[in-house]
Each structure stands twice: as C-alpha cells, then as structure tokens.
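Below is one structure, written out as structure tokens, with a few remarks after it.
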Amino acid sequence: MAVKFANTPGFFAPMRFEAQVDDCIVEGELPAGLRGTFYRSCADRRFPPLYPHDTPYNSDGAVDLFRFYDGNVDFRSRYVKTPRYLAERAAHKPLFGLYRNRFTSDPAVRNLSHNTANTTPIVHGGMLFSMKEESLPTRLDPYTLETIGEWDFGGTLKSTSFTAHPKQDPLTGELIAFAYEAKGDCTDDLAVFVFDQDAQLTNEIWFKSPVVSMMHDMAITASHVILPTTGMVTSMQRLQNGELHWAYDPAQPAYVAIVPRKGTASDVRWFKGTPDQAMLVHTTNAWSEGNKVIMEAPVAGDNFHPYFLRVDGTKSNPSSYYPTMRRWTFDLDSDKDSWEEEILFGGIKVTSFSRIDDRFLTQPFRYSYMLMNDPSLPINRDFADTLAVRVSNAWFRFDHHTGAIEKFSAGETHGMSEPQFVPRHKGAPEGDGYLLGVVNDFREQRSELVIVDATDLAAGAIAKVKLPFRLHMQVHGWWVAD
Ligand code: V55
Ligand code: FE
C-alpha cells in the first residue's frame with residue numbers, strides 16, 4: 001500500500017529525503033575564522049504514525065551537517081539507519097507503535113531496538129553519535145553520516161539506555177553521562193558514567209531513584225553530577241494499557257540527586273523540592289563553590305511537553321505558562337534535604353532550550369542563549385498563528401549577572417531552532433563569538449543557516465547559508481571546531 005500522511009500541512013510535513021549540497025549559496029560574509037562542522041539531530045517521520053496521538057518525539061532520527069572550511073559550506077543530511085528504520089523500509093510500512101511503548105508495536109518487531117536516534121549529536125573520542133534517551137547512542141561516520149550502529153562503548157556500557165544530554169568537561173576532556181530506566185522499561189535504576197577523553201569508561205555509579213520519571217538532562221560541576229527528576233511519570237500498567245510512555249503528575253515533587261563524579265553509590269545525596277520545581281527539561285550550567293553545588297536552569301511548574309496528558313487525562317495548556325530561569329544552591333554541608341532557589345528571570349515566553357559558551361561548562365559563567373516567543377517583534381500576519389503559538393521567533397542572550405536581554409529575529413516569517421555558540425577564536429573571552437543555527441522561512445518553504453555576532457544580536461545576520469528546500473525539524477545541535 002502506498003504511503004499516506006494525514007494532517008501534516010506546510011512546513012511541518014515530513015521531508016523524507018536525504019540531501020547533499022556542496023558549495024552552498026551564501027548571502028553576506030562568512031567569518032574567516034569559522035572552521036568546523038555544525039551537526040543537527042532532527043526528527044522526521046518516514047511513515048505515518050500507527051496511532052494519531054503519537055508524539056513527534058517518536059519520529060525517525062536524521063542527522064544533518066554544515067561543514068565550514070576555506071570560505072565554503074557543504075551541507076549533507078542522512079537518516080539514521082536504525083534497526084527500526086531498516087525494518088520499516090523492508091516492510092514498506094510502519095511497524096513501530098507509540099512512543100516508548102513496545103506493547104503497541106507489531107509483534108514481529110517488539111523485541112527489536114526501538115531507538116530513533118533523534119535527539120542530540122555529539123562528537124567524543126573522534127566518534128560521532130546521535131542519541132535518544134531510551135536507547136544506546138548510535139554511531140555515525142562524522143564525514144559521510146553513514147550509520148555504523150548502536151555503540152556500547154566497546155562492551156563496557158551495561159545500561160539499556162543512555163541520556164541524550166551527556167556533558168563534555170571542557171577542562172578535563174571527560175564525558176559525563178547517565179542512564180535512567182537503566183535496566184529496561186520502567187525500572188527505577190539510575191547510572192552515572194564517566195568516560196575519559198578517548199571514550200573509555202573510568203567510573204560508573206548505580207543507584208535507585210525515588211520515582212520513575214523522565215530525566216532528560218543533567219548538569220555537572222568540576223566535582224559533582226546533578227540529576228533532576230521531572231514531573232513526568234510512567235508505569236508498566238500504562239504501557240500494557242497501550243498508552244504513551246509518560247503522563248504529567250502535578251502532585252509529583254522534584255527530586256535532585258547530587259553525585260560525586262569520583263564517588264560510589266553510598267555518596268549519592270537526594271534532595272527534595274516541590275511540584276512547582278519539577279518541570280525541568282534542560283539545564284543551563286552548574287559549578288561548585290566549596291561544598292555548595294550551584295545550578296542554573298529554566299524550570300516551570302506545569303507540563304510543557306504538549307504531547308503528553310496529565311495523569312487525570314486532561315490536556316495541559318502549553319501557552320499558559322513558561323519556565324523561569326532559576327538558580328538552585330545545594331549545600332552539601334547541611335543535613336537538610338531542601339535547596340535554595342532564586343529566580344533570575346520570569347514573565348517572558350521562553351522555551352526550555354538553553355545553551356551557553358560550552359567552554360564555560362562547570363565554571364561560573366555570565367551568558368546563556370535561548371529561544372523565545374516575542375509577539376512584539378515583526379510577525380507577518382499570514383503566519384502569525386504559527387509564529388506566535390507553535391514555534392519560536394527569536395534567539396536571545398540572557399546576562400546572568402545583570403538580567404539584560406538581547407534579541408535576534410531572523411525575519412517576520414521565520415521560525416527558529418536552537419542556537420549554537422561558536423567562539424570567535426580559541427582563546428576568546430566568554431561569549432565572544434557567533435551564534436549559528438537553522439531558521440525556517442514559512443513563506444518561502446525554505447530553510448537557511450544564519451550566523452550572527454553573539455556580542456551584537458541586534459545587528460542582525462552576518463551571513464546566511466541558503467538552502468533550496470526546507471529541512472527536517474531540529475531537536476539539538478553540536479559544533480566541532482576543525
Ligand atoms: C525530549 C525530547 C525527546 C524525548 C524526550 O525535549 C524528551 C525533550 C526528541 O525526543 O524523547
Ligand atoms: Fe533535549
């Protein structure tokens with residue numbers, strides 16, 4: 001039977017093709033010092049969902065690259081050839097069911113890896129991976145993007161899952177990662193992993209979580225790992241009932257594990273917060289001061305995954321709340337299991353996407369870069385609904401010292417994806433560099449990669465890499481200097 005998609009109009013229709021454009025058309029001037037590769041992990045369904053209420057988080061993974069060299073840019077995109085992709089390709093139809101629910105998949109593939117590899121690309125130890133938090137990393141060729149296969153770190157990784165947000169310590173070159181539901185669906189096992197710069201496992205700490213919850217991101221300091229639970233809950237009962245993996249429980253408090261990077265399970269400390277601290281998707285940064293661990297992150301008090309319902313079956317309203325930027329201080333000298341909270345900004349419509357100058361991970365820092373929804377920026381009337389409700393229309397730089405905000409809009413018909421910070425040169429001070437990222441022109445149905453000066457967002461784009469087609473929806477990006 002021929003493939004048919006329902007209800008996916010315009011820019012949000014699946015793209016379903018792979019592309020290569022060498023020597024891309026560039027408007028403006030590419031900075032001479034910009035040499036390296038920008039990778040993007042994307043979500044782009046090859047087949048229509050078996051269940052109409054499935055989430056886009058369950059779409060096939062694709063990885064794109066933009067390679068900058070000698071004043072040129074080359075573009076390439078490839079689907080990640082997961083076991084799931086290959087099985088559906090062979091069958092010419094969808095076989096995999098709802099997001100993270102094997103019971104809803106065709107019995108023929110129920111025990112196959114459900115990995116979509118659609119969330120974050122990372123290069124570590126000379127290897128490129130695209131990651132999905134329910135599965136192992138998938139290794140790809142960093143030049144051709146051909147899929148090599150799932151990677152268990154040479155047999156040393158014992159978990160069934162691996163976070164899509166490991167952190168590279170810029171000072172030691174180590175990779176710090178974790179796994180939740182680490183022994184299979186709905187298990188309360190957590191594991192923290194430390195790899196050296198060659199991707200060899202040097203420490204692993206296994207422990208139990210007080211709640212089985214989505215744990216999408218982590219933070220690190222020079223000495224500790226910070227692991228927050230979120231308000232999303234699950235159970236084998238849910239899965240057997242044929243439901244989506246997650247529901248949001250408004251009564252669920254936030255728990256945060258603080259784990260010494262060089263420690264063992266007996267060193268793990270759990271802190272307990274309130275339900276209005278539980279909706280944390282991405283962290284911004286963290287650092288240690290003596291025996292205090294300090295983390296900053298956008299946090300909300302209600303579910304902002306619009307595709308998952310509350311436990312009572314009601315819909316959450318994704319436009320009724322936005323996260324605020326919070327500073328959490330955990331005092332390891334105190335016996336209390338609570339922490340201090342300070343709110344750095346609120347009242348602006350921001351997403352949970354939060355990036356910094358990654359050279360300052362684990363250290364005190366000043367700037368973060370996020371996506372926002374700003375109705376005061378010029379928005380073309382014909383696209384107002386999309387731009388005001390469904391996507392972000394600006395990047396902004398937040399000054400964590402003064403609270404100042406600087407914005408960049410790519411245009412009145414443009415939706416934005418996560419910005420990537422790239423330093424101007426190796427020794428440049430924090431924040432001195434460029435923001436680059438893909439923006440989507442809804443009027444022309446085309447995507448482009450824009451480059452702005454990160455110290456002068458208001459000046460607009462320095463250069464635009466123009467593509468003659470639209471791109472898949474990006475989740476996260478990653479920059480690798482030459
Ligand atoms: C997120 C995204 C995912 C996922 C779980 O933004 C959480 C959060 C793209 O897939 O599977
Ligand atoms: Fe993420």
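What follows is calculated from the coordinates using simple rules that are stated; it is not laboratory data. Nothing here was measured: the structure is a model prediction, and the numbers come from that model. Note: ideal-geometry Cβ built from the backbone for every residue, glycine included; neighbour counts use all protein chains shown.
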Ratio Rg/Rh, restricted to the range 1-136 and using Cα atoms, in which Rh is the Kirkwood radius: 1.03
The convex hull of the Cα atoms of the range 293-362, divided by residue count, gives a volume in Å³ per residue of 124
Give the relative contact order (percent, whole number) for the range 90-201; include only Cα pairs under 8 Å separated by 6+ residues. 16
Just name one of His245, Val475, Phe193: the one whose Cα is farthest towards the positive end of the charge dipole of the chain (beta-carbon charges, Lys/Arg +1, Asp/Glu -1). His245
Distance from the range 346-376 to the range 100-115 (C-alpha centre basis), Å: 37
With r as the distance between the Cβ atoms of Lys4 and Thr402 and R0 = 60 Å, compute the FRET efficiency 1/(1 + (r/R0)^6) and round to 0.05. 0.65
Hits among aspartates and glutamates - C-alpha to C-alpha of Lys183 under 15 Å, sequence gap 8 or more where chains match: Glu133, Glu134, Asp152, Glu204
Cα Rg, Dmax (largest Cα-Cα span) when computed across the range 131-286, Å: 15.7, 47
For Ala251 and Arg110, what is the calculated FRET efficiency with R₀ set at 41 Å and r taken between the beta-carbons, to the nearest 0.05? 0.80
Provide the packing ranking of 113-119, 267-273, i.e. peptides ordered by the mean count of other C-beta atoms within 10 Å per residue, highest first. 113-119, 267-273
Taking the Cα centre of the chain as origin, work out the dipole magnitude from +1 charges on Lys and Arg Cβ and -1 charges on Asp and Glu Cβ, in debye rounded to 20. 1160
Set Lys167/Lys315; Lys262/Lys336; Lys315/Lys464; Lys93/Lys208; Lys158/Lys272, cut-off 31 Å on Cα-Cα distance; pairs above it are Lys167/Lys315; Lys315/Lys464; Lys93/Lys208
Would you please give the FRET efficiency between Phe469 and Arg390, computed as 1/(1 + (r/R0)^6) with r the Cβ-Cβ distance and R0 = 25 Å, to the nearest 0.05? 0.75
Over the Cα atoms of the chain, how large are the radius of gyration and the largest Cα-Cα distance (Dmax), in Å? 21.2, 64
Any chance you could run the full-extension gain for His53 through Val480? It's 0.36 nm times the residue separation minus the Cα-Cα distance, nm to one decimal. 150.1 nm
Sequence-distant or interchain residues sharing an amide H contact under 5 Å with Thr120, placed H: which? Met131
Taking the alpha-carbon centroid of each part, what is the distance from the range 407-427 to the range 256-334 in angstrom? 26
Tell me the volume per residue, in Å³, of the convex hull enclosing the alpha carbons of the range 73-211. 128
Output the peptides 393-401, 458-466 sorted from most to least packed, where packing is the average of other Cβ atoms within 10 Å over each peptide's residues. 393-401, 458-466
Normalise the Cα radius of gyration of the range 328-433 by 2.2 N^0.38 Å (N = residues in it) and let me know the number. 1.30
Do you know the relative contact order of the chain, to the nearest whole percent, from alpha carbon pairs under 8 angstrom that are 6+ apart? 12
